[in-house]
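Below: the structure, in structure tokens.
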Amino acid sequence: MNEDTLMIDDLDDALIGVCMTWHGNMMVERAIYSGELIVERLVETSEMTEEEALEYIDFNMVGAYVGETTPIIMWPILDDLDS
């Protein structure tokens, strides 16, 4: 992985891939994390409930822009959305 790619501390086990995307006229690499795995990790290590973990992720990770290589949190598409 590129040394400029931002990572989320202590969540290496939730890292599921990287993507390349354009930022202005420059191609940048962004880390992709599984939202489900982050929730599991926070519940296990931080004594949060699942609801608290989701709120934490939404406010502190999804809602945080820390530059062009801000990590991506990926959530699966739910089957009931297809209906």
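Points worth noting:
- Across the stretch 4-21, the number of residues qualifying as closer than 19 Å to R41 by Cα and without any contact (Cβ under 8 Å) to a residue 40 or more places away in the chain comes to 8.
- Residue ID - farthest from I73 (Cα to Cα), chosen from residues in the stretch 1-39 that are touching a helix residue (DSSP H, G or I) at 6+ places or on another chain (Cβ under 9 Å) and part of a helix (DSSP H, G or I): D13
- Residue within the stretch 40-49 that is in contact with a helix residue (DSSP H, G or I) (Cβ under 7 Å, 6 or more places away or on another chain), among the hydrophobic types (A, V, I, L, M, F, W, C), assigned to a loop (DSSP other than H, G, I, E, B) and more than 20 Å from P76 (Cβ to Cβ) present: yes
- For the stretch 42-83, the set of residues classified as of a type in the set (V, I, T) and without any contact (Cβ under 8 Å) to a residue 40 or more places away in the chain consists of V43, T45, T49, I57, V62, I77, listed by residue number.
- One residue from G35, G24 being at positive phi and either surrounded by 11 or more Cβ atoms within 10 Å (Cβ to Cβ) or more than 16 Å from the chain's Cα centre (by Cα) (or both): G24
- Within the stretch 39-83, considering residues that are more than 15 Å from the chain's Cα centre (by Cα) and among the small types (G, A, S), the one surrounded by the fewest Cβ atoms within 10 Å (Cβ to Cβ): S83
Read-outs throughout are calculated quantities, based only on the coordinates presented, and are distinct from any laboratory measurement. Computed from a prediction, not measured in an experiment: that's the story for all the values here. Note that we place each Cβ from the backbone using ideal geometry, even for glycine, and neighbour counts take in every protein chain shown.
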